[in-house]
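Notes for the one structure printed next.
Since every read-out is calculated from the coordinates, none of them should be taken as a lab result. Quantities reported herein were computed from a predicted structural model and do not represent experimental measurements. Here the Cβ positions follow ideal geometry from the backbone for every residue, glycine too, while neighbour counts run over all protein chains shown.
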Amino acid sequence: APTRELAGRTVVISAGGTREPIDPVRFLGNRSSGKQGYALATVAARRGATVTLLAANTSLPAPAGVTVVPVSTALELQAAVEVAAKEADVVVMAAAVADFRPAHYADAKIKKTFGEPGSPEADAAPTIELVRNPDILAGLVESRGVGASPVIVGFAAETGDEQGDVLAHGRDKLARKGCDLLVVNEVGVDKTFGQDDNTVHILRLGSSHVVDAGPASKELVAAAVWDAVQEIL
Ligand code: C5P
């Protein structure tokens, strides 16, 4: 029988990428497929946890025994995380959250042509004003201790020419965000996003020790993340 190291634990995982609507047919989005978040949910359920997966715009089958809550925008994800975190022993923010959203939503599709056809402004391009989204992870860390105090895990997608750059950025980010663990992955157009394999470096707050996982399947990477979480629990 598998070891049920997370039996009796409640975990919340966000996965996928938020979409920030511009008008009824357009949005600002990102390349996150949700595969790493789903793998985290699959492994946690297998280890006996009660798992809630907050899924932002994913098209993957629900993992066995996992409660999937669909969300779309960063604000919807934030509301869902805040509710679910109250009961959680662990919160893992694997979702790619848009840092900005359009300041104004257009109720009707934005037209390609402005003013009168042939007029001077007809070929102009619109400007889409953006406003900042809240940093959900930072908010979780801030409100910790007011009631439940889950272990909080962040992800960091870093691009860098050298692995040293990627780790240095990761350490800065861990210190800034104040979460317990930061899972750093190197990203690029052909790396990580939508792929079945991943390579990560797991950093722990207050420790110089780094756990490297991969290149390996996203499930093996997920197992390494849960091993690190279990050391803290
Ligand atoms: O700062 P950066 O976006 O690289 O941090 C990534 C981590 O922060 C991820 O865990 C992501 O889920 C989380 N995040 C968030 N809210 C945002 C942006 C990122 O929770 N607005």
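For the chain, what is the percent of antiparallel DSSP beta bridges, rounded to the nearest 5? Restricted to the chain, the bridges split so that about 40 percent are antiparallel.
GNM on the chain, alpha-carbon springs under 10 angstrom: the most fluctuating residue among F100, F114, F155 is F114.
Considering helices alone, the calculated mean residue ellipticity of the chain at 222 nm is -8000 deg cm²/dmol, with DSSP H runs of length four and up weighted by -39500 (n - 2.57) and normalised per residue. Potential lengthening of the chain between D23 and D107 amounts to 29.6 nm, from the contour at 0.36 nm per residue minus the alpha-carbon distance. The equivalent ellipsoid of region 40-118 has semi-axes of 37, 14, 9 Å, largest first, where each one is the square root of 5 times an eigenvalue of the Cα gyration tensor.
When the Cα positions of L203, A49, P215 are compared along the charge dipole of the chain, A49 comes out farthest toward the positive end, with charges on each C-beta of Lys, Arg, Asp and Glu. Among the trypsin sites (Lys or Arg not before Pro) in region 60-156, those located in a DSSP loop and surrounded by at most 14 other Cβ atoms within 10 Å of their own Cβ are K86, K109, K111, K112. Compared with the dominant principal axis of the Cα atoms in the chain, helix 218-232 is inclined by about 60°. FRET efficiency for the A125 to L75 pair, using the beta carbon distance and R₀ = 35 Å, is estimated at 0.85. For region 32-94, GluC sites (Glu not before Pro) meeting the loop criterion (DSSP other than H, G, I, E, B) and having at most 14 other Cβ atoms within 10 Å: E87.
First measure r as the distance between the Cβ atoms of D165 and V210, then evaluate 1/(1 + (r/R0)^6) with R0 = 22 Å and state the FRET efficiency to the nearest 0.05.
Step by step, r from the Cβ atoms, then E = 0.95.
Pairs of Cα atoms under 8 Å, at least six residues apart: use those to get the relative contact order of the chain, whole percent.
Result for the chain is 19 percent.
Among Q195, Q78, Q36, the largest mean-square fluctuation in a Gaussian network model of the chain, built with springs joining Cα atoms closer than 10 Å, belongs to Q195.
Counting other Cβ atoms within 10 Å as a rough exposure proxy, the listed residues H209, H104 run H209, H104 from fewest neighbours to most. Dividing the alpha-carbon radius of gyration of the chain by the rule-of-thumb value 2.2 N^0.38 Å gives 1.11.
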